[in-house]
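> Below: one structure in structure tokens.
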Amino acid sequence: MAKVVIAEEAGACYGVERALRMVQEAVEKNEKVCTLGPLIHNPRVVDGLASRGVRVVSTPEEAAGSALVLRTHGVTPDEERRAREVCSKVIDATCPFVKKVHQAVERLAKDGYQVVIVGEAGHPEVVGTLAHAPQATVIASAKEAERLPHAHRMGVVVQTTQSIAVLRECVGALLARCDELHVVNTICEATSGHQGACAKLARQADVMVVIGGRNSANTTHLAEIARKLCPSTHHIEGADELSGPWFSGAKLIGVTAGASTPAAQINDVAAAIRAMVGEQA
Ligand code: SF4
């Protein structure tokens with residue numbers, strides 16, 4: 001009979017739990033609450049908040065007169081300034097680990113480094129970080145690093161949810177593009193812990209199930225890590241996407257989840273898999 005094992009570190013991180021708690025407290029005080037963009041990259045959680053009256057807006061002006069939550073990924077200084085002008089209250093749920101990246105790029109730029117951000121261009125966190133060092137360049141791969149012009153001093157930060165393997169490859173390529181390289185590893189503790197636990201479990205598992213939004217960068221990286229070690233890896237958003245034939249013949253089924261996935265969602269999926277394969281929880 002198959003055994004279902006949840007990774008030692010998986011699911012909602014400190015930053016996401018803190019943000020959800022802040023929104024919950026505002027809703028309980030009967031405040032009109034909006035979030036600037038989806039609070040987290042988990043469509044099911046965002047739908048749950050919408051059913052409690054939490055509105056997603058795309059500009060601070062759309063939330064004029066309401067309380068506006070700045071989400072975990074952070075915002076640009078301009079968006080924050082506008083929010084403070086037009087909203088009745090600003091609830092800053094920016095994760096402290098993201099704020100550290102903002103401080104790091106500001107420091108590197110001030111010290112004269114050509115700043116390089118390793119991450120996904122266009123991701124809300126990277127957009128926010130870039131606004132703190134507008135001269136910075138964003139790269140997502142070693143290939144993109146190889147195309148950068150030579151600079152005397154380069155300073156590197158990395159999107160909090162990036163994989164360490166990508167950072168290593170980019171840093172390796174950047175060494176040839178400058179005389180001095182200063183790397184600030186800003187991958188957050190939750191991300192590195194989740195990735196390590198995912199790899200450990202995927203090495204032993206016959207099938208891996210990775211739970212989290214398809215628009216979630218950290219969940220997508222977890223699925224990539226798992227798939228390299230366990231080809232039978234499935235990225236899902238909820239238990240209703242599970243399919244019995246995935247588990248046929250499997251002895252060990254690993255479950256992990258991105259940093260935006262609450263524990264209840266992980267437990268639902270694990271229970272549904274156990275029911276499919278007949279394992280006692
Ligand atoms: Fe903060 Fe890391 Fe969670 Fe992002 S993944 S919210 S940086 S703790």
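> Per 10 Å bin from zero, what fraction in whole % of the C-alpha pairs of region 113-186 is there, up to the bin with the longest pair?
Calculated over all Cα pairs of region 113-186, the distribution is 22, 60, 19, 0 percent.
> Could you report the chain's accessible area per residue, 1.4 Å probe, as an integer in Å²?
Working: 12720 Å² over 281 residues.
Value for the chain: 45 Å² per residue.
> Give me the log10 of I(q) over I(0) for region 18-115 at q = 0.16, 0.17, 0.21 Å⁻¹, as the Debye formula computes it from C-alpha points; what are the numbers?
Rounded to two decimals, the profile gives -0.66, -0.73, -1.00.
> Tally up the carbon and sulfur contribution to the accessible surface of region 14-95 as a whole percent, 1.4 Å probe, everything protein left in place.
Details: 1870 of 3810 Å².
Answer for region 14-95: carbon and sulfur cover 49 percent of the accessible area.
> Divide by every residue of the chain the summed helix terms, -39500 (n - 2.57) for each DSSP H run of at least 4, and state the resulting mean residue ellipticity at 222 nm, rounded to the nearest 500 deg cm²/dmol. Please list the in-between numbers first.
Working: 10 runs with 116 residues, N = 281.
Result for the chain: -12500 deg cm²/dmol, rounded to the nearest 500.
> Rounded to the nearest 0.05, what FRET efficiency do Ala272 and Arg227 give with R0 = 22 Å and r taken as the Cβ-Cβ distance? Could you check?
On the way: r = 21 Å, r/R0 = 0.96.
Using R0 = 22 Å, I get an efficiency of 0.55.
> Give me log10 I(q)/I(0) at q = 0.17 Å⁻¹ for the chain, Debye formula, one equal scatterer per alpha-carbon, no solvent.
Taken in order of the listed q values, log10 I(q)/I(0) reads -1.24.
> Quick one: which residues, 5 or more positions from His182 or on another chain, have an amide H under 5 Å from its amide H? H modelled 1.01 Å from N in the peptide plane, none for Pro or chain starts.
Met154, Gly155, Val156
> Would you mind telling me the share, in percent, of accessible area of region 97-183 contributed by carbon and sulfur at probe 1.4 angstrom? Before the final figure, lay out each step's value.
Working: 2210 of 4120 Å².
The nonpolar share, carbon plus sulfur, comes to 54 percent.
> Let me ask something else about it. Taking only C-alpha pairs under 8 Å that are 6+ residues apart, what is the relative contact order of the chain in percent? Each step should come with its number before you reach the end.
Numbers: 566 pairs, mean separation 62.6, N = 281.
Rounded, it is 22 percent for the chain.
The values are calculated or read from the model by the stated rules, or taken from the named source; none is laboratory data. The shown structure was predicted, so the numbers you read here are calculated from the model rather than taken from an experiment. Note that each Cβ is placed from the backbone with ideal geometry, even for glycine, and that neighbours are counted across all protein chains shown. The area values use the complete protein model at the heavy-atom level, side chains included, leaving out ligands, DNA and RNA. Shrake-Rupley method; radii C 1.70, N 1.55, O 1.52, S 1.80 Å.
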